[in-house]
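The numbers here are math on the coordinates, done by the rules we state, and not lab data. Only a predicted model underlies this, so the values are computations on that prediction, with no experimental measurement involved. Quick reminder, even Gly has a Cβ in these numbers, built from the backbone with ideal geometry, and neighbours come from all protein chains shown.
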Amino acid sequence: MANEEYKMPYKIGLISTHGTGKTALVYALAGELKKRGYNVDIISEFSTKLSKQGYPINQNTNLSAQFSILLHQMIEEISPIAKKQQCDIIITDRTVTTDNLVYLDRACSQNPFVQKIAKFMMDYAKMYPYSRIYLLPLVGELEKNGVRDLDKEFQHDIYIRLVKLLKDKKIKHIELPIPQKEDFARKEWQDIIIKNTIKDLKTKK
């Protein structure tokens, strides 16, 4: 693994509950980093993709659906490395070790396989780690997009569970600040992440 790890792209994980602006931030960051000359790959959120194929998500999800979401994302994260594609940075909309696991645990905590899946994902992240994980605060309004669950209690519960998971598992992450009202583009968040990314990549060299 030593040689493969040397070639691994810098991986940014954006996490939070649904409806907090992760997806928009992913694409904004990718655009800004590409302007700076970096080759960037985006891993989009798989729950939205798979729901359009008939997979149950949100409060109606099940073990098989959530495990499929985790596996799809894991495969997409590994693909650039397996194919030896030229990629400097990977930005993921969710991670397999945090928010995606929270949705799984909330829906299927009584199933004995949940802890086995969680361990498998944690072991995967040790082999293919996230360079930095950023937690978005619980802000913004839940907007209807045909897929998103608009139940605020569900949204808040996922966030509370996520924060607890980060604490219990001692997962290193950076909490992004609550944005100013006029900062609709979340420029402050972009600046923080881009600054850290460039600094880390220079150190890596």
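Could you name the aspartates and glutamates whose alpha carbon sits less than 15 Å from that of Lys84, not counting residues in the same chain fewer than 8 places away?
Qualifying aspartates and glutamates at Cα under 15 Å: Glu4, Glu5, Asp41, Glu76.
Please give the charge dipole size of the range 2-204, origin at the Cα centre, charges +1 on K and R Cβ atoms and -1 on D and E Cβ atoms. Round to the nearest 20 debye.
540 debye
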